[in-house]
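The values are calculated or read from the model by the stated rules, or taken from the named source; none is laboratory data. Please read these numbers as outputs of a predicted model, since none were measured by experiment. A quick note on method: Cβ atoms are made from the backbone with ideal geometry, for glycine too, and the neighbour counts reach across all protein chains shown.
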Amino acid sequence: MHRYNHRNSHKRRCKVQIATVICNVRGKLRSTSVVVVPQLRCTSTATCKASCTDDQSVCRCARQDLIILVASELKRRSAATLKRAEAAEPINLRLVEGEIPLDFPSGTYYLTGSGIFSDDHGSTVHPLAGHGYLRAFTIDGSKGQVKFMARYIQTKARSEERDAVTKKWRFTHRGLFSILKGGKMVGNTKVMKNVANTSMLRWGGRLFCLWEGGDPYEIESGTLDTIGKFDVIKDDQKENFGDRGFKVDVWDVAAEILKPILYGVFNMPPKRLLSHYKIDARRGRLLIMSCNAEDMLLPRSNFTFYEFDSNFKLLQSQEFIIPDHLMIHDWVFTDSHYILFGSMAAICSLSPMISTLTVNPSKPTSPIYLLPRSKIEEMRDWRIPIEAPSQLWVLHVGNAFEEKDENGNVEIQIQASGYDWWSGKLDPSMTNLEQGQEKLLPHLIEVSLSLSLSPSPLLLLYSFQNGNCQKCCVNDLNQWNKATDFPAINQDFSGGKNTYVYAATTSGLHQALPNFPFDTVVKLNTIDKSLHGTWSTRRRRFIGEPVFIPKGGEEDDGYLLVVEYAVSTQRCYFVILDSKLIGEKNALVARFEVPRHLNFPLDFHGFWGS
């Protein structure tokens, strides 16, 4: 009994230590913003096993794995080790398992993320604020080859923070997610730092790196050279597009006062583009969303949606002013609506933004805004949110679609990843909660909405209060109950009814890291709610976001691309899976090894371009 208590006590301490590592890695050390990397060794050797218990070994390996996954290097502590090497010329990756089919669709998988976290003067930034590092995996099915390139995005922020002569780095932008070591909180106007590190887009024959809150950078697809900023929203498109909100009030006056300060002093763009865009494949349209810089400081939100054809011709744009303070990272669309989830109350204090997001724990519901894509669809008052019966924070959205009956009533289904927040803060330590608290972890949900043009008398009051919505419910998307994020679908079905969702998840087999990082790809059936199957990596390996490549006419006929991080050997692998065979022993199609000197940390979002 004594040994049982001792082991459980150690496991609890282990979870606390790992939660601390997660906070440190995510940039929440407010005093110095330096990530402390402990002196750790893998204790799988006989010598180490003799000096510590099995639980201690698991804990130490877990902490080591987590740090390597983010920083990608443990051996040395100099700033140089936290910078990724570049591969300006294509190199052939070594095939270590399987083979690429001859009929594999040729194309390139573009993947972006942070490439540097530490400068040469002792400052370490949050992973979300690292300079953009672009990787390209070009697949030639006829030759069975994968060529690899890696380049930094030549942003304005990079040129300001890297000395062209000495090649030394000095971080000067504290950004929205970090505080510099010894940096000034007051008087430092270098806040916005467009590092082009969040997502990729190939549209109209052009390649772009996007960031949360600024203009995208255009990239030459063959060489990965940076062409420069791309002004998606022209000056004549930045004006209001009609009365889509409220009449002039005190907040309009406040906005006019804030604009010259934010635009001039802090050099913020008037329209801040979100890094998550949408592609309406059936209409051949690119959908982009922007918000106003001043709305970060006002109790309202100003969103503008733009729809472009394949030549970047603006087809339509609409502006909506919502009397609510929202922070939107991802969103979704249907044939008739843009859909936004809200749940944030405020951004407080001068700390990094990631640690100052607050929600209202006394509010039992979360607002959903259905914004019409055209005036024809304005059958309801879009200013009235639909209140979902859940304290929900949405991370990423997989898909949404709507179905109308002969009377014009609409059923909307939304597939997303999110979690139920349990306090006023969005605390990253949630990744190490105990068993039975799965709802507090990121998981896949299905939101169902029923809109009626003529509700029954009994539902009239409820319908009026919820914008003609007769029913709104939030359920698990599937029987899969493990921590899950990055939902992906066959993009040919985006905005339409889909059967399958793929996502990154966890096997739960790692004792000290049962929920995060992810090590498994799961395939779910959204119609019968069944688990189609999973594919998992080997021990002490983790994965990022899966991306679907269509091959045939059936929805799940294609491949999944995923990057695998073998932290125990500090290697990255490019993995191709057969999407139809997820759950079978032969789901792995091929695995390619990235050279060790080009090893990189956990990525963000990618894009497949054929």
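Only a single criterion out of (1) in a strand (DSSP E or B); (2) out of contact with any strand residue (DSSP E or B) (no Cβ under 8 Å at 6 or more places or on another chain) is not satisfied by Asn399, namely (2). The strands (runs of 3 or more DSSP E) found wholly in region 352-395 and carrying at least 3 residues that are crowded, with 19+ Cβ neighbours inside 10 Å and modelled with pLDDT of 80 or more occupy 366-372. Within region 567-610, being in a strand (DSSP E or B) and small (Gly, Ala, Ser) holds for Ala590, Gly606, Gly609. Looking only at region 530-551, which residues are free of Cβ contacts under 8 Å to residues at least 40 places away in the same chain and in contact with a strand residue (DSSP E or B) (Cβ under 7 Å, 6 or more places away or on another chain)? Result: Ser536, Thr537, Arg541, Ile543. Candidates in region 191-205 are the residues that are surrounded by fewer than 18 Cβ atoms within 10 Å (Cβ to Cβ) and modelled with pLDDT under 95; of these, the one that is nearest to Arg84 (Cα to Cα) is Val191.
Taken over region 396-410, residues that are surrounded by fewer than 19 Cβ atoms within 10 Å (Cβ to Cβ) and over 21 Å from Lys278 (Cα atoms) amount to 6. A single entry from Ser275, Ser290 fulfils the requirement of being modelled with pLDDT under 95, under 22 Å from Ser199 (Cα atoms), under 22 Å from the mean Cα position of the chain (by Cα) and assigned to a strand (DSSP E or B): Ser290. Of the residues Thr108, Thr138, Thr112, only one is closer than 20 Å to Leu561 by Cα, part of a strand (DSSP E or B) and either in contact with a His (Cβ under 8 Å, 6 or more places away or on another chain) or among the small types (Gly, Ala, Ser) (or both); which? Result of the check over Thr108, Thr138, Thr112: Thr112. All conditions but one from (1) assigned to a loop (DSSP other than H, G, I, E, B); (2) surrounded by fewer than 22 Cβ atoms within 10 Å (Cβ to Cβ) apply to Thr534; the one that does not is (1).
The number of residues in region 502-516 that are surrounded by fewer than 20 Cβ atoms within 10 Å (Cβ to Cβ) and of a type in the set (Ser, Thr, Tyr) comes to 1. Out of Val562, Val575, one residue alone is modelled with pLDDT of 95 or more and within 15 Å of Ser507 (Cβ to Cβ). It is Val562.
The set of residues from region 129-158 being of a type in the set (Gly, Ala, Ser), touching a Gly at 6+ places or on another chain (Cβ under 8 Å) and either closer than 19 Å to Ala87 by Cβ or at pLDDT 95 or above (or both) comprises Gly130, Gly132.
When region 67-120 is filtered for residues that are among the polar types (S, T, N, Q), farther than 21 Å from Thr226 by Cβ and either buried (at least 16 other Cβ atoms within 10 Å of the Cβ) or at pLDDT below 90 (or both), the ones remaining, listed by number, are Ser72, Ser78, Thr81, Ser118.
Scanning region 163-181 for residues that are under 10 Å from Lys193 (Cα atoms) and either modelled with pLDDT of 85 or more or among the β-branched types (Val, Ile, Thr) (or both) gives a single hit, Thr172. Go through region 131-162 and give me each residue that's of a type in the set (A, V, I, L, M) and under 12 Å from Asn194 (Cβ atoms). Of everything in region 131-162, those that are of a type in the set (A, V, I, L, M) and under 12 Å from Asn194 (Cβ atoms) turn out to be Ile153, Ala157. Of the listed requirements (1) surrounded by fewer than 22 Cβ atoms within 10 Å (Cβ to Cβ); (2) modelled with pLDDT of 85 or more; (3) among the hydrophobic types (A, V, I, L, M, F, W, C), Leu440 misses just one: (2). Within region 330-351, the residues that satisfy the criterion of being modelled with pLDDT of 85 or more, in a strand (DSSP E or B) and out of contact with any Gly (no Cβ under 9 Å at 6 or more places or on another chain) are His337, Tyr338, Ile339, Leu340. Identify, by number, the condition in (1) farther than 21 Å from Asp252 by Cβ; (2) touching an Asp or Glu at 6+ places or on another chain (Cβ under 9 Å) that Arg300 doesn't meet. Only one criterion is unmet by Arg300, namely (1).
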